[in-house]
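Contents: one structure, followed by commentary.
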Amino acid sequence: MMNGWVKRSGCCVAASACLSVVAAHAQPQRQLSVDFDAPLEAAQKSGNTIVDPHSKQEFRATVDKGTQAADRPQVVSQNCHTPPNCLRISLDPSAKGAAKNKIMYSFWSHYKPLPGGEKGRMVIGDNHVTRVRFAMKLGADYDPPLHQMIHFQIFQPKMATKVNQVKDVNPGGPILSLRMVPKGLRKAKSPDVQEFIIVVRNPQAQNLKFYDRRDKGVLFRGQIRKGDWNNFSFVLQSADKDGRMIGRVGFWLNDVKKVDHPVEWGFDPDRYGVSGKLGFELGSYRSADPTGHQTVYFDDIRLDR
């Protein structure tokens, strides 16, 4: 390797291109496959816990205080992506005094034991490739949120035993997420369309103002029709480059590439008081909303490491 170039098969190519080739040809192993298609009585326990009868894994929702949902999280059998079943999650107007609302399922935990052990754990900066895919549908009567609304996130938790050494940085949380554009920032005129962004968080990109590329962390802004199923696919990789977590983020919507390039995403565990272990979560997570109703469906969840 000389000056950032690598000799290969008698020619020189950029080192970054070699990394892309390696990532593209890597063969991650299937770690998670959930389609909710087992019989309902086997697929769901009481409360907010879903059991996958194939892997025997349990997926329990985190529900924040003040969260209200007349229709509890449930495996349903109507208009699913691949019949017969899919997961439905709904939010109603928030309880008075609630700061935020959450019904989120951790499908690949940052702390629980995983099938196959620690080898499949998502770890920031480990340079391993993770592929995530899921189908999602917004209900036909989905209300645009007034403020923040997340339906997918790669989550980096803060650690109570660690100290954040950098002032003016609020680390961790949803370091990669799919967020709905708030009602006041919509550009689409049709009420049948909901706009969304794919966004990362890092020490230089912590907050959102415009929900488009003017915000440092926003990688893509698009739109989907309510009532239609869409496939969301990600290829994720990060490496520790002198304390900066930089790596490939690829995003495909319905198998059409929208983003695929190295970005900084996440926070250095040695400096910011966060865990190096990451989780993959789906559901509904929003600021308190005194008026909104949102229903979202998920199906055909896959994770490869």
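Residues satisfying the criterion are present in region 91-112 (criterion: more than 16 Å from the chain's Cα centre (by Cα), of a type in the set (A, V, I, L, M, F, W, C) and not in a loop (DSSP other than H, G, I, E, B)).
Residues of region 275-305 that are hydroxyl-bearing (Ser, Thr, Tyr), in a strand (DSSP E or B) and under 26 Å from Gly125 (Cβ atoms): Tyr285 alone.
Number of residues in region 46-78 that are touching a Lys or Arg at 6+ places or on another chain (Cβ under 8 Å), among the polar types (S, T, N, Q) and assigned to a loop (DSSP other than H, G, I, E, B): the value is 2. The lone criterion from (1) surrounded by 14 or more Cβ atoms within 10 Å (Cβ to Cβ); (2) at pLDDT 95 or above left unmet by Lys162 is number (2).
Looking across region 174-189, the residues that are under 17 Å from His147 (Cα atoms) and not in a loop (DSSP other than H, G, I, E, B) come down to Pro174, Ser177, Leu178, Arg179, Met180, Lys183, Gly184, Leu185. Taking the listed residues Asp240, Asp260, Asp289, Asp255, the one that is at pLDDT below 95 and of a type outside the set (A, V, I, L, M) is Asp289, with no other qualifying.
Number of residues in region 249-267 that are buried (at least 19 other Cβ atoms within 10 Å of the Cβ) and closer than 28 Å to Asp168 by Cβ: the value is 5.
For every residue, the table says whether it meets (1) among the hydrophobic types (A, V, I, L, M, F, W, C); (2) surrounded by fewer than 20 Cβ atoms within 10 Å (Cβ to Cβ); (3) touching a Pro at 6+ places or on another chain (Cβ under 6 Å).
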| residue | (1), (2), (3) |
| --- | --- |
| Gln31 | no, no, no |
| Thr49 | no, yes, no |
| Gln57 | no, yes, no |
| Thr62 | no, yes, no |
| Ile89 | yes, no, yes |
| Ala98 | yes, yes, no |
| Lys102 | no, yes, no |
| Tyr111 | no, yes, no |
| Gly117 | no, yes, no |
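Within region 175-185, one or more residues are surrounded by 14 or more Cβ atoms within 10 Å (Cβ to Cβ), under 21 Å from Arg133 (Cβ atoms) and among the basic types (Lys, Arg). Consider region 184-204 and keep the residues that are over 17 Å from the mean Cα position of the chain (by Cα) and among the aliphatic types (A, V, I, L, M). The one that is nearest to Arg286 (Cα to Cα) is Leu185.
Only residues that are touching a Phe, Trp or Tyr at 6+ places or on another chain (Cβ under 8 Å) and basic (Lys, Arg): list them for region 120-161, please. Hits for region 120-161 are Arg131, Arg133, Lys137. Please work out which one of (1) among the hydrophobic types (A, V, I, L, M, F, W, C); (2) closer than 22 Å to Gln204 by Cβ; (3) surrounded by fewer than 16 Cβ atoms within 10 Å (Cβ to Cβ) is the condition Ala140 fails and give its number. So Ala140 meets the others, but not (2). Scanning region 122-171 for residues that are part of a loop (DSSP other than H, G, I, E, B), closer than 30 Å to Ala188 by Cβ and among the charged types (D, E, K, R) yields Asp141, Asp143.
For region 109-155, residues that are more than 30 Å from Pro290 (Cβ to Cβ) and of a type outside the set (Val, Ile, Thr) total 21.
Restricted to region 219-248, and to residues there that are within 18 Å of Val199 (Cα to Cα) and charged (D, E, K, R), the residue that is surrounded by the most Cβ atoms within 10 Å (Cβ to Cβ) is Arg248. Residues satisfying the criterion are absent from region 250-272 (criterion: touching a His at 6+ places or on another chain (Cβ under 6 Å), in contact (Cβ under 8 Å) with a residue 40 or more places away in the chain and acidic (Asp, Glu)).
The values are calculated or read from the model by the stated rules, or taken from the named source; none is laboratory data. Given the structure is predicted, the values throughout are model-derived calculations rather than measurements. All Cβ positions, even for glycine, are placed from backbone atoms using ideal geometry, and neighbour counts span all protein chains on display.
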